[in-house]
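Here's the structure we're looking at; comments come further down.
The values are calculated or read from the model by the stated rules, or taken from the named source; none is laboratory data. None of the values given here were measured: they were computed from a predicted structure. Cβ coordinates were reconstructed from backbone atoms using ideal geometry, including for glycine residues, and neighbour counts include every protein chain displayed. Surface areas here come from the heavy atoms of the whole protein model, side chains and all, with no ligands, DNA or RNA. Shrake-Rupley method; radii C 1.70, N 1.55, O 1.52, S 1.80 Å.
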Amino acid sequence: MVLSRLILGLLALAPMTGYDLKRHFESTVGHFWAADKAQIYRTLARLVADGLAEVETVAGTGAPDRQEHRITVAGRTALAEWLASEPERHVERDPFLARVFFGADLDDDAFRSLLAARREATRARLERFERKRAEADAPDRAARLRLSTLDYGIANLRVELDWLDALEKELA
């Protein structure tokens, strides 16, 4: 349900091909919601079948025709209803935390290696988000709200790095 509403939200910003959606997904909502290409295309097809989006073939100039998806009136209504509904809390599913939970079965070097790999990945992601943030512009309310989700992601990554440092010190 959430993925379909995220896709409707992106289509509300502008008509897009499936490829465009995947690219925009990764560069916008991808910092708080994960979906692979197959999930996006399946969900997009379901939105079209349900009448919440429609497809228009746009002739390519010197390139193949594009299948551009647009949100319908019914899609805008569904998106508006979802936005106004009671926010549901999703439980995080993080394989790394499962490894930490059962980490007592690892020797010290393997566990430190696990923490180091996560720290490196978290730092890289934080740097990417901070670069996006530095380049961002929020001229209006809509842009500011979208940017606030990036700020939330940055704050969470900083907390995770602090937590990793504390965990490593506690186990040293």
Requested in this report: Find, to one decimal place in angstroms, the Kirkwood hydrodynamic radius of region 1-71, where the mean of 1/r is taken over every pair of different Cα atoms and then inverted.
Outcome: 12.2 Å
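Per DSSP H run of at least 4 residues, take -39500 (n - 2.57); add these up for the chain, divide by its residues and hand me the 222 nm value, nearest 500 deg cm²/dmol. The partial results should precede the final answer.
Values: 7 runs with 113 residues, N = 172.
It comes out at -22000 deg cm²/dmol, rounded to the nearest 500.
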Query raised in the report: Which far-off residues, 5 or more places away or on another chain, put their amide H under 5 Å from the one on residue 72, with H placed in the peptide plane?
Result: 53, 54
Query raised in the report: What number comes out for the charge environment of residue 168, summing +1 per Lys or Arg and -1 per Asp or Glu over other residues with Cβ under 9 Å away?
Result: +1
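Return one whole number: the accessible area per residue of the chain in Å², for a 1.4 Å probe.
On the way: 11560 Å² over 172 residues.
On a per-residue basis, the chain sits at 67 Å².
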Report summary line: In order over region 149-165: 3J(HN,Hα) from phi, Karplus 6.51/-1.76/1.60, θ = phi - 60°, whole Hz, x for each Gly or Pro, gives 5, 5, 4, 4, x, 4, 4, 5, 5, 5, 5, 4, 4, 4, 5, 4, 4
Query - Vicinal HN-Hα couplings computed from phi for region 100-116 (Karplus, 6.51 cos²θ - 1.76 cosθ + 1.60; Hz; Gly/Pro x) - result: 5, 4, 9, x, 4, 7, 8, 6, 4, 5, 5, 5, 4, 5, 4, 5, 5
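With a cut-off of 8 Å between alpha carbons and a minimum separation of six or more residues, what is the relative contact order of region 14-172 in percent?
Values: 95 pairs, mean separation 29.1, N = 159.
Averaging sequence separation for qualifying contacts and normalising by length gives 18 percent for region 14-172.
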Report summary line: For the chain, whose charge dipole is built from +1 on Lys and Arg Cβ atoms and -1 on Asp and Glu Cβ atoms, the candidate among 63, 121, 38 with its Cα farthest towards the positive end is 63
Query raised in the report: Mind listing P(r) for region 12-169? All alpha-carbon pairs, 5 Å bins, whole percents.
Result: 2, 7, 11, 15, 16, 14, 13, 9, 6, 4, 2, 1
**Report entry** √(5λ) per eigenvalue of the Cα gyration tensor, region 93-143, largest first, Å
**Finding:** 35, 13, 4
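If I compute solvent accessible area with a 1.4 Å probe over the protein chains, what percent of it on the chain is carbon and sulfur? All intermediate terms of the calculation are to be shown ahead of the outcome.
Values: 6330 of 11560 Å².
Using a 1.4 Å probe with all protein chains present, the chain comes out at 55 percent carbon and sulfur.
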Requested in this report: For region 84-94, take each phi angle, set θ = phi - 60°, evaluate the Karplus expression 6.51 cos²θ - 1.76 cosθ + 1.60, and give the result in whole Hz per residue in order, putting x for glycine and proline.
Outcome: 8, 6, 4, x, 8, 9, 9, 6, 5, 10, 10
